[in-house]
Every structure is written in C-alpha cells, then in structure tokens.
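Undergrad: Before anything else, here's the structure in question.
The values are calculated or read from the model by the stated rules, or taken from the named source; none is laboratory data. Note that this is a predicted model, so its numbers are computed, not measured. Cβ placement follows ideal geometry from the backbone for every residue including glycine, while neighbour counts extend to all protein chains displayed. With ligands, DNA and RNA removed, areas are computed over all heavy atoms of the protein, side chains included. Shrake-Rupley method; radii C 1.70, N 1.55, O 1.52, S 1.80 Å.
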Amino acid sequence: MPPSASVIIPTRRRREYLAVALASVAAQVREHGAELLVVEDDPADPETARLAEAAGARYLAHGAPRGLNAARNTAARAAGADLLCFLDDDVEAWPGWLGALLAGAAAAPDHLVLGGPIRARLEGTDLHPCGREPLPVTVLDLGQADRDADFVWGANLALRRGALTLAGGGFDETLDLYGDEEDLQRRLRAAGGRVRYVAAAGVDHRRAGADARIGGLSRAAWHRGRNSRRYDVRKGVAPSAASELRTLAGCAAHVVRYRCGNGIVLSAHTAGRLRELVAARGEAGAAAAVDTPDPPYLSGESGTLGRRGRARGAVLDRLADVLTAPDRLRLRRAARFAPPRRRVLAVSVARPEHAGMTAATAAELRRSRHDVRLHFTAPAPGAGKWANLNAALEAAPADGEDWLLIVDDDVLLPRGFLDVFLHVCERHDLVLAQPAHAFDSHAAWRVTRRRPGAVARRTAFVEIGPVTAIRADAFGELLPFPVLHMGWGLDAHWSAVAAARGWRMGVVDAVPVRHTRPVAADYPRDRAVAEAEAFLAERPYVTRDVAQRTLETWR
C-alpha cells in the first residue's frame, strides 16, 4: 500500500536547522502512514544521513550542488505517494500540520497544489523592526479559513503528482532561490490547475544564530535580490535602473526616519537587484541583456505598479476625480436617457479565489438601467481563458444582444460604470471599446491609461482585457474566439481587423477601472509569447507604434 503522503525536505549541510524540521514532522509522518525523505543537494554527508535515519527518513544525495529545484525533482521521482509535501529545512511544522494537509487535500480533490500559513520566527535577532514592513523571511497568511489562492510558497508546499504532468514537467532546475516554486504554479494555472490554501497546515519559518542577525539577514537578502531581479527579467516585469535606485533611496530613508533595522535588510535586497542589473548588462555587453526587446505586437513595458506606484496612482486618481467631477456628473445625467435601453451580455471566467471581486463586478453591472445578462463561469480544468469564454458563449449565446462585455475577474469597476460607458461608446460610434485604466491600475499600454479632461479617445488599438466591449455588428467576425490560453497578440490582431473593416475603436476615460493584478501574474510570460508567435504567424496585426497612437480626443 503506498504511503498517504511523501514529506520531502531538501537540504544542504544545515544540520542544526534540519534537526528541528525533522523533529517537528517525524511523529506526524508515523501517525498518518506517510514517508519522510531528505535530499542532500551536495555530496553525501554521514552526519546528516544519521540524523535523517534517526527520524525514520530515507536519505538521498546528489553528489554535487545542483539547486533546490533539482532536489525537489529528485525527491519526486523517488517518492512513493501521490501527495508530495515539500518543506524547507529551516521550518518547524505546527502540530497537526500533516493531518490538516491530508484533510485539505481530501476536501478539495480538484486542487493540485496546496499550502498553508508560513509564520516568520527570528531567534536571537538584533533586527528591531519598526513594524511597517514585513520581516525579511518568506511568510504567508491568507486568513483562518481554507480558500483558493493565487500562489502558496515553497517553504510549505504540497503537490499532487498530476500537478507535475499538467504543468508540463517538474520544477525548473535553472531557477534557484527566487521564482523556483512560483514558476511551476504559473505553468499549472495557465493549464487550468488550481491552488488551495489550508489554514491549519502551518509552519514557522525560522532564522537562528548569525542567520537571524542583521548581517546574516542582509547577506541573504542580497542574494535574494539578485535572483528576484533575474526572475523579474524572465517574466518581463523588471523595473528600470532609475526605479530600482528610487527604491534603494526609499529604503535608506526608511532606516533613518524610523531607526528600523528592517530597512537595512531591504536596502541590501535592492542593492542585490541593482548588482544583478549591472552584471547582466556587463555579461551581454549591452542593455539588451536586461531589457530584451519585446515582439512588435507587445507594448515593450510591463505596466506593473509597485507599492509606491500604487500609492502615487491612488493620489492622482483622487485628484483627477475632483477636477473632473462636474463633467462626470453631466455624463451620468445624460446616460439616464441615451442610448435607448440596450441588451448586454457580460461574460467572465471567474476563479474562486477572486470571488469577492467577481461579486462586486456583478453587483455593479446589475445597477445599470440596461438589460444586462450575466454569465460568469468557473474555469474548466486544462482549458485556457478563451476556450472557457467560448464555452460560456455556447451556454449563453449572444442572441439578440446589442453588446458583448468581456470582464476579467480581477477588475474593480467605478459606480455607474455601464450606463456611462455605453452612452459614450454609442455617442462616438465605437464598435470595439474599453474603459481606461486608472492611475492606480496595472496597465501594460500607455495609450490605455486614464487621461483626465478627456471623455474618450479614438485609438488604433483596444486591449482584450481587463474589460472589453464588442458591438453586435462585430460578432460575426470575432466570435467564436480563437482557442487560446493567454491570448497575447489577439488584441493586436483584432485591432488590425477593425482597421480593415472601418470599425471605430476607443478608450473611454470617463469611467476608469482598476486592474488589481499585474499582467502575466498567473502564467509564464515565455509561454504567452510563444502562443502569440504561433497565432500571429499568418495573421495581420498592428505594431506597438501604431497601437500607442491616439487618433482623436473627445472632451
């Protein structure tokens, strides 16, 4: 009979940490009929082997350092259970951790990845944080109830074997220290897999001795910073050198202002990111090593906002709202009477982890005076966004509707959104349209960013998200959607089709929306680009130079 679970701890000659981790799980493993594996990412170490044997664990050694993900893959091949429970060697599992994971897995059979809380514990530290920033150790706290999650972290990560298959293989062994577990979950989510947070399956993430002091924490942060910059480059969301320098200055100011040791560690992290930026440029002999040119159908920018960017955007949005309040009030009054009442079908692929935003979106759309039919559907396992949208349209066909509204499940709409949006669209004869992005919104295209003072703009490009409107006379050309997962490049193709058909496209600035998650937050960027390359190989599309143009502004 196979074990109920395989508990796996990769390590590299950290016997003091490993001893605590093994002591916290050994009895739980025996209680639940599981197995315990220790993988040494180094030549075999007799002392570590004896420590593992005393805890009832199998001991495997690589013979040379190959990286954390290589150790995870080695363990997965050697393990006998379907449920693979990975722990870092510097954690201490809570009592009942394994039982909670097993119960969580049984209660959510459709979820291929599970994980639980990770609580920071610094033993004997001299850090003295001010409390305004999290401790410089990986943590996770999504509340006291089980729920769907975007990601869980590798210090406390469980996978069903099916996750490795659906994600297209095991952990990426070229990644180490940052993005290692995130990459696999991105691949899994892109293929329709789901992630579950199990609130009772928690661990303490420990730092002890010299590792818990400012010097040790800063050295670790430096290396994490280098790896995090490298992973951001891989995802295509790496900020500019100027942005990294501003962050470093902010961290230094935080140290002085609050006398906060955590600011020193954060400064080391940002310094590591800057060092990686310089090193990458030097290795390639050019800035292209860091900023690889995007294909011509992409914006060339990530549009991802950091914490400071979000705060600045929120201030700008409030200021813009005040300045444009009279104009927006006039539009809302006009939208009570024009256009005539329309039939609108709103479709969305609504993931359970975004249930709150989905409910808010549905409530806002139902406030409209128009006849709105909502069809929000859960994603089918293994199907991409556009296949799921096609399935939604098959279940609720757009028969007799005047407009089709495609809404992402991670967007926040302003009050009175749909009435004003349709009023503006029809007043300016738009066939394809989208609301502008607020300043406090992740937005990859500058042309879609809110422009205070403008009601709307005629553009040469409209995105495929987070909110896209298609008028009925375009249904025959654009529906059903291509069977794509991520759909990158589809908006560039639609925009070329619109230009060829003489359709007007535009961005409505009067009702800016907030896209709460960055582009490619849930899937690997390289897969999205590869899919787009194949899709656009023999199809027309507009280039980013054309897409960024504003052709006319309406005030």
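Undergrad: Beta carbons within 10 angstrom, averaged per residue: use that to sort the peptides 416-422, 75-81, highest first.
TA: 416-422, 75-81
Undergrad: Return the long-range amide H neighbours of residue 456 (sequence gap of 5 or more, or a different chain), with a cut-off of under 5 Å between placed amide H atoms.
TA: Under 5 Å from the amide H of residue 456: 509, 554.
Undergrad: Quick one: go through the range 517-550 and flag any residue whose amide nitrogen is under 12 Å from the point 7 Å out along the Cα-to-Cβ line of residue 360.
TA: 517
Undergrad: Among 78, 46, 249, whose Cα lies farthest out toward the positive end of the dipole of the chain, if unit charges sit on the beta carbon of Lys, Arg (+1) and Asp, Glu (-1)?
TA: 249
Undergrad: What number, rounded to the nearest 500 deg cm²/dmol, is the helix-based mean residue ellipticity at 222 nm of the chain, given -39500 (n - 2.57) per DSSP H run of at least four residues and division by all its residues?
TA: Calculated at 222 nm, the ellipticity per residue is -13000 deg cm²/dmol.
Undergrad: Through the Karplus equation 6.51 cos²θ - 1.76 cosθ + 1.60, θ set to phi - 60°, convert the phi angles of the range 435-442 into ³J(HN,Hα) values in whole Hz; use x for Gly and Pro.
TA: Calculated HN-Hα couplings, in order: x, 5, 7, 5, 4, 8, 8, 6 Hz.
Undergrad: Of the DSSP beta bridges with both residues in the chain, give the percent that are antiparallel, rounding to the nearest 5.
TA: Approximately 45 percent, going by the DSSP bridge assignments.
Undergrad: Given the whole protein assembly as supplied and a 1.4 Å probe, what does the accessible area of residue 222 come to in Å², nearest 10?
TA: 80 Å²
Undergrad: Ok, one more. Explain nothing, just the number: dipole magnitude of the range 109-191 about its Cα centre with +1 on each Lys and Arg Cβ and -1 on each Asp and Glu Cβ, in debye rounded to the nearest 20.
TA: Rounded to the nearest 20 debye, it is 280 debye.
Undergrad: Farthest toward the dipole's positive end in the chain, which of 137, 447, 267, given Cβ charges of +1 (Lys, Arg) and -1 (Asp, Glu) about the Cα centre?
TA: 447
Undergrad: Relative to the present Cα-Cα distance, how much length would full extension add between residue 337 and residue 130 at 0.36 nm per residue of separation?
TA: Fully extending the segment from residue 337 to residue 130 adds 69.1 nm.
Undergrad: A follow-up question, please. Mind checking the angle between helix 241-258 and the chain's longest principal axis? C-alpha axes, 0 to 90 degrees, to the nearest 10.
TA: The angle comes out at about 60 degrees.
Undergrad: Run the numbers for residue 253 and residue 322: contour at 0.36 nm per residue of separation, minus the present Cα-Cα distance, in nm.
TA: 21.7 nm
Undergrad: Could you give me the ³J(HN,Hα) list for the range 489-498, computed from phi with Karplus coefficients 6.51, -1.76, 1.60 and θ = phi - 60°, whole Hz, x at Gly and Pro?
TA: Computed from phi, the couplings for the range 489-498 are x, 5, 5, 5, 6, 4, 5, 5, 4, 4 Hz.
Undergrad: Okay, moving on. Working out 0.36 nm times the residue gap between residue 19 and residue 369, then minus their Cα-Cα distance, what length gain in nm do you get to one decimal?
TA: Length difference between fully extended and current span is 119.5 nm.
Undergrad: Quick check: Cα centre of the range 465-485 to Cα centre of the range 408-437, how many Å?
TA: 15 Å
Undergrad: Also: Please list, in chain and number order, the residues 5+ apart from residue 370 or on another chain whose amide H is under 5 Å from its amide H, with Hs placed from the backbone.
TA: Amide H neighbours of residue 370: none.
Undergrad: Each residue of the range 353-358 in turn: what ³J(HN,Hα) in whole Hz from Karplus with 6.51, -1.76, 1.60 and θ = phi - 60°, glycine and Pro shown as x?
TA: Ordered by residue, 3J(HN,Hα) equals 5, 10, 4, x, 5, 4 Hz.
Undergrad: Can you compute the charge dipole magnitude of the range 439-528 about its Cα centre, using +1 on each Lys and Arg Cβ and -1 on each Asp and Glu Cβ, nothing else charged? Give it in debye, rounded to the nearest 20.
TA: Computed about the Cα centre, the dipole is about 320 debye.
Undergrad: To the nearest 10 degrees, how steeply does helix 307-334 sit against the main Cα axis of the chain, on a 0 to 90 scale?
TA: 20 degrees
Undergrad: What do you get for the angle between helix 525-536 and the principal long axis of the chain? Use alpha-carbon atoms, 0 to 90 degrees, nearest ten.
TA: Relative to the chain, helix 525-536 is tipped by roughly 40 degrees.
Undergrad: Now for a different question. Compute, for the chain, the length of the dipole vector about the Cα centre, with Cβ point charges of +1 (Lys, Arg) and -1 (Asp, Glu) only. Units Debye, rounded to 20.
TA: Taking the Cα centre of the chain as origin, the dipole is about 2080 debye.
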